[in-house]
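Here, each number is a calculation from the coordinates, and none is a lab measurement. Note that this is a predicted model, so its numbers are computed, not measured. Glycine also receives a Cβ, built like all others from the backbone with ideal geometry; neighbour counts cover every protein chain displayed.
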Amino acid sequence: MNPVKPTSARSQIAAISRRLIITATILTITAAIAIVTVSWAHYRFGHVVIRNAQVKGVVTRVGARMDGQIRSVLVEPGQLVHSNDVLVVLENRYLQASLERMTAEHAAAVADYQAAQLALEQQRRILTLGVEEANSQITTSQAEIEAADSDLAKINAEFERVTSLKQSGISSASALDGLTSDRNHAQAVLEAKKAAKNSALIRRQRAEADLAGLKVNEAQLGVLEARVKVAASSMDEVKADLESTYVRAPGDGWVIDRIIEVGGSAKVGEPMIAMWLGDPWIEALVPENSLRDVSIGSAVEVEIVAYPDLNLKGTVDGFGVLTDKAALLPQAAAATSSLFSDPARVPVKISLRRTPKNLQPGLTALVGIEVPERRKTRVAGVVNRAFAWIEQPFLARASSTPEPEMK
């Protein structure tokens, strides 16, 4: 019996090792394919996968509120702006000059009105004091008249008594003369007091007449006040026109395009700056045979083709009114409408939980919409998703993949 050569034994061992390595490699590849297939199948039968999706956003074309010439453009395409930021400035130096003139006229009207108002108030206070002083004088004079009348009455009584006594020969003529002198003095005092009262009455009547005459001055004050209001209205009008020369951003967003340049003409109704405002959303065109597996509030996974590392999450927010076929012209819609044509697609709005800054309208997206639990085990839903599995590519990630931080 011939002994086995060492070289032959090593060759057999190497061959066996190669077969084992090949077998292990095949088994590993088969297992990997099986794992991927199971994961793929599990994901596809639990989600409606749509490859026909885009990033959407509100595109606004901002225009001027008045005609004019472009003085300066303060933004560039791709620039982030905030609400009320100035985008474009129209020529406004003539309005600034008008505003300065209107401001001066308003200040002069206010000064005239305030001066007339102060003068009127001062005159009213003086006349009111005059009326009060006259009333006080009238009261004092009335008291003095009553006292003088009382004194005169006493003197007259004494005069009558002395006259009677003289006639009887009891009183002398000198006593009667003295009483006559006293009576005449008392009569003069009474007349003086009455004259003082009449003078106070006249002063009061004059002051009251002057107070009534202030209504004419009040009417003049109303004219000055109207001048102030007219000047203020003219100033506000110029301010509004001046503010209209500053074209401002209606909200936070990005500048898409500068439609005009410095030196150009701005016209009301014509766009000047194109902007993307607000947060973007995803619009997915869901085939009509998969629409039954989509509902409001369903969780959604979104992959942006341009940024595959962004694993975004969102929620179904609403359904469109028109399908893609209904949006076509009638002739084109009729041509594509048949039993064996592609199914109609309904736009579905998907709101994102968080929005990265580099997300732009028009970017292509892949979405996986989670199927409600009540639909996952129904035969119709399973069949629909099976056909969709064949027709559409797999969303290249399982639902358990963690979401990275937004940029």
For the stretch 82-105 and the stretch 8-25, what is the separation of their C-alpha centers, rounded to whole Å?
89
Environment charge at TYR246 (Cβ cut-off 13 Å; Lys +1, Arg +1, Asp -1, Glu -1):
0
Taking θ = phi - 60°, what integer Hz values does the Karplus form 6.51 cos²θ - 1.76 cosθ + 1.60 yield along the stretch 67-79, in sequence order, with x for Gly and Pro?
6, x, 9, 6, 8, 7, 10, 9, 10, 10, x, x, 7
Would you work out the relative contact order for the stretch 94-244, in percent, from Cα pairs under 8 angstrom that are 6 or more residues apart?
48
Residue separation between LEU129 and GLU160 times 0.36 nm, minus their alpha-carbon distance, gives in nm 6.6 nm
Hydrodynamic radius by Kirkwood, which averages 1/r over all alpha carbon pairs of the stretch 56-144, in angstrom
19.9
Proximal charge balance of GLN137 [Cβ under 9 Å; K/R count +1, D/E count -1]:
+2
What does the charge count near ASP317 come to, summing +1 for each Lys or Arg and -1 for each Asp or Glu among other residues with Cβ under 11 Å from its Cβ?
0
Please list the equivalent ellipsoid semi-axes of the stretch 94-244, computed as the square roots of five times the alpha-carbon gyration tensor eigenvalues, in descending order and whole angstrom.
72, 9, 8
